[in-house]
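A.B. asks: Provided herewith is a single structure, encoded as structure tokens, for subsequent inquiry.
The values are calculated or read from the model by the stated rules, or taken from the named source; none is laboratory data. As the structure is a prediction and not an experimental result, all values here were calculated from the model. As a convention, Cβ positions derive from the backbone with ideal geometry for all residues, glycine included, and neighbour counts pool all protein chains shown.
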Amino acid sequence: MLPSDLKIALPSTDELPCCDDIPVDNEDQNFLPNVLLFLLNSIWANRMDWFFGVDMAVYHTTGVNPRVPVVPDAFLSLGVERKKGGKSRKSYAVWEENDVVPILTLEMVSHTPGGEYEEKLAIYTKLGVLYYVIYNPEFWRRDQHQPFEVYKLVNGNYQLQISEPLWMPEIGLGIGRHQTVIAGIQQEFLSWYDQQGNRYLTDAEQVQQERERVEQLAQYLRSLGVDPDNLPGK
């Protein structure tokens with residue numbers, strides 16, 4: 001934690017860039033983190049003490065210059081305002097968030113390696129990010145790593161966790177991979193899980209699940225000789 005007089009000298013997010021202006025080189029780098037965000041909007045709809053940023057600059061004082069951010073593909077902070085002062089954030093400055101650092105960061109490895117296993121890992125270690133997720137479904141063989149890795153900071157060092165989905169008690173969520181169809185496209189996605197390992201469904205999946213239940217009930221009624229479209233009182 002910084003002394004109050006030093007905090008005053010630090011720049012405001014109003015004067016800092018929102019990101020590093022480095023474009024992503026594939027659509028999934030924005031799409032998949034946003035799926036996680038939309039899920040959180042449903043899972044934690046009644047909570048106002050969290051923030052999930054996508055491709056947003058995180059400014060901190062553990063690097064060489066507080067004006068030089070680290071920009072995760074996504075990050076989660078707990079114990080902060082959902083909307084800071086009722087407004088959307090332009091960026092995330094730790095010194096403006098009561099010194100709350102992200103509890104989880106996500107990096108998606110792309111065509112051009114971005115130092116996810118070296119530089120970013122060292123930055124997040126020093127910053128004190130508890131969980132560091134590296135998702136590398138396409139280039140893991142090139143990088144000699146696994147497609148999905150979660151590291152936990154233990155005694156100042158990251159330790160690779162082995163279970164999937166991985167339950168993160170400090171967050172109250174698990175994270176892992178699954179295959180599903182979103183917007184008509186079937187592919188692998190990241191998702192949140194409960195403590196029993198059950199995946200939280202998207203809104204579209206919940207609607208589809210309810211439709212299937214209604215159709216199953218209708219078929220059952222038909223098997224009994226009852227027309228579900230002409231029920232008494234309907």
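A.B. asks: Could you list all residues from segment 55-79 that are surrounded by fewer than 16 Cβ atoms within 10 Å (Cβ to Cβ), within 11 Å of LEU16 (Cβ to Cβ) and of a type in the set (A, V, I, L, M, F, W, C)?
C.D. replies: VAL68
A.B. asks: How about segment 88-185: which strands (runs of 3 or more DSSP E) wholly inside it have at least 1 residues that are out of contact with any Pro (no Cβ under 7 Å at 6 or more places or on another chain), among the charged types (D, E, K, R) and surrounded by 19 or more Cβ atoms within 10 Å (Cβ to Cβ)? Walk me through it before giving the result.
C.D. replies: Working: elements: 104-108, 131-135, 148-154, 157-161, 166-168, 173-182.
Those strands (runs of 3 or more DSSP E) span 148-154.
A.B. asks: Quick one: how many residues across segment 94-122 are in contact with a Leu (Cβ under 7 Å, 6 or more places away or on another chain), hydrophobic (A, V, I, L, M, F, W, C) and farther than 19 Å from GLY176 by Cβ?
C.D. replies: Summing the residues that are in contact with a Leu (Cβ under 7 Å, 6 or more places away or on another chain), hydrophobic (A, V, I, L, M, F, W, C) and farther than 19 Å from GLY176 by Cβ in segment 94-122 gives 2.
A.B. asks: Within segment 86-102, how many residues are under 16 Å from LEU16 (Cβ atoms) and out of contact with any helix residue (DSSP H, G or I) (no Cβ under 9 Å at 6 or more places or on another chain)? Write out each step before concluding.
C.D. replies: So the first thing to find is which residues in segment 86-102 are under 16 Å from LEU16 (Cβ atoms), and the list is 87-97.
Add one more test, that the residue is out of contact with any helix residue (DSSP H, G or I) (no Cβ under 9 Å at 6 or more places or on another chain), and what stays is 87-88, 97.
Residues meeting the conditions: 3.
A.B. asks: Further question on the same structure: Residues THR112, THR105, THR125: which one is assigned by TED's automatic domain parsing to the domain that holds ILE162, among the hydroxyl-bearing types (Ser, Thr, Tyr) and farther than 21 Å from GLN159 by Cβ?
C.D. replies: Working: THR105 fails: farther than 21 Å from GLN159 by Cβ; THR125 fails: farther than 21 Å from GLN159 by Cβ.
Among THR112, THR105, THR125, only THR112 is assigned by TED's automatic domain parsing to the domain that holds ILE162, among the hydroxyl-bearing types (Ser, Thr, Tyr) and farther than 21 Å from GLN159 by Cβ.
A.B. asks: What's the number of the condition GLN196 fails, among (1) in a strand (DSSP E or B); (2) of a type in the set (S, T, N, Q); (3) without any contact (Cβ under 8 Å) to a residue 40 or more places away in the chain?
C.D. replies: Single failed check for GLN196: (1).
A.B. asks: Any residue in segment 154-175 that's more than 22 Å from ASP49 (Cβ to Cβ): show its pairings with residues that are of a type in the set (Gly, Ala, Ser) and assigned to a loop (DSSP other than H, G, I, E, B) at Cβ separation under 7 Å, as long as the two are six or more apart or on different chains.
C.D. replies: Here the result reads PRO165/GLY197, each pair linking segment 154-175 to a residue that is of a type in the set (Gly, Ala, Ser) and assigned to a loop (DSSP other than H, G, I, E, B).
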